[in-house]
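For reference, the structure is listed below as structure tokens.
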Amino acid sequence: MKGFKEFYGRKIMINVPEKKESVIELTAKDEESMMQDAMKLWKKLTVYAVGSDVEKNIVAGDEIYVATYALSSAERVEINGGMKMIINEPDVILTW
């Protein structure tokens, strides 16, 4: 189950890679800083859902490379206990 009825527009929802849990408590600012650094290393991201108007041949489960700048400004949403990011279709650079 996706956790929603329909996903609209030329948007693609991707899974945020899980980070290792730490015993060290971080502030929200530090957490965000670490997330920004981690995004620079993400090369293959898994597609969770595809918007109703996406024109590229991308389906849920595909692995994609996304422009790094797009990740830093992507909207984040929690669905079914996991964090997802919503990006614009043109920000997808390649698909494996």
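Can you tell me which residues in the stretch 52-70 are over 13 Å from residue 11 (Cα atoms) and surrounded by 13 or more Cβ atoms within 10 Å (Cβ to Cβ)? Within the stretch 52-70, 62, 63, 64, 65, 67, 68 meet the criteria. The strands (runs of 3 or more DSSP E) found wholly in the stretch 37-96 and carrying at least 2 residues that are under 23 Å from residue 5 (Cα atoms) and β-branched (Val, Ile, Thr) occupy 45-50, 75-79, 82-88. Within the set 84, 40, the sole residue that is farther than 11 Å from residue 11 by Cα, touching a residue at least 24 places away in the same chain (Cβ under 8 Å), exposed (fewer than 14 other Cβ atoms within 10 Å of the Cβ) and charged (D, E, K, R) turns out to be 40.
Within the stretch 1-16, take every residue that is charged (D, E, K, R), part of a loop (DSSP other than H, G, I, E, B) and at pLDDT 75 or above and give me the one that is farthest from residue 56 (Cα to Cα).
Of all residues in the stretch 1-16, those charged (D, E, K, R) come to 2, 5-6, 10-11.
Checking the rest, the ones that are also part of a loop (DSSP other than H, G, I, E, B) come to 2, 5-6, 10.
If we keep only those that are at pLDDT 75 or above as well, we get 5-6, 10.
Working: 5: 21, 6: 18, 10: 9 Å.
The qualifying residue farthest from residue 56 (Cα to Cα) is 5.
Within the stretch 27-60, the set of residues being modelled with pLDDT of 90 or more and aromatic (Phe, Trp, Tyr) comprises 48 only.
Given the condition in contact with a Phe, Trp or Tyr (Cβ under 7 Å, 6 or more places away or on another chain), modelled with pLDDT of 75 or more, surrounded by 11 or more Cβ atoms within 10 Å (Cβ to Cβ) and not in a loop (DSSP other than H, G, I, E, B), answer yes or no: does some residue in the stretch 17-26 qualify? No, because not a single residue in the stretch 17-26 is in contact with a Phe, Trp or Tyr (Cβ under 7 Å, 6 or more places away or on another chain), modelled with pLDDT of 75 or more, surrounded by 11 or more Cβ atoms within 10 Å (Cβ to Cβ) and not in a loop (DSSP other than H, G, I, E, B).
The values are calculated or read from the model by the stated rules, or taken from the named source; none is laboratory data. Only a predicted model underlies this, so the values are computations on that prediction, with no experimental measurement involved. Cβ atoms come from the backbone with ideal geometry, glycine included; neighbour counts cover every protein chain shown.
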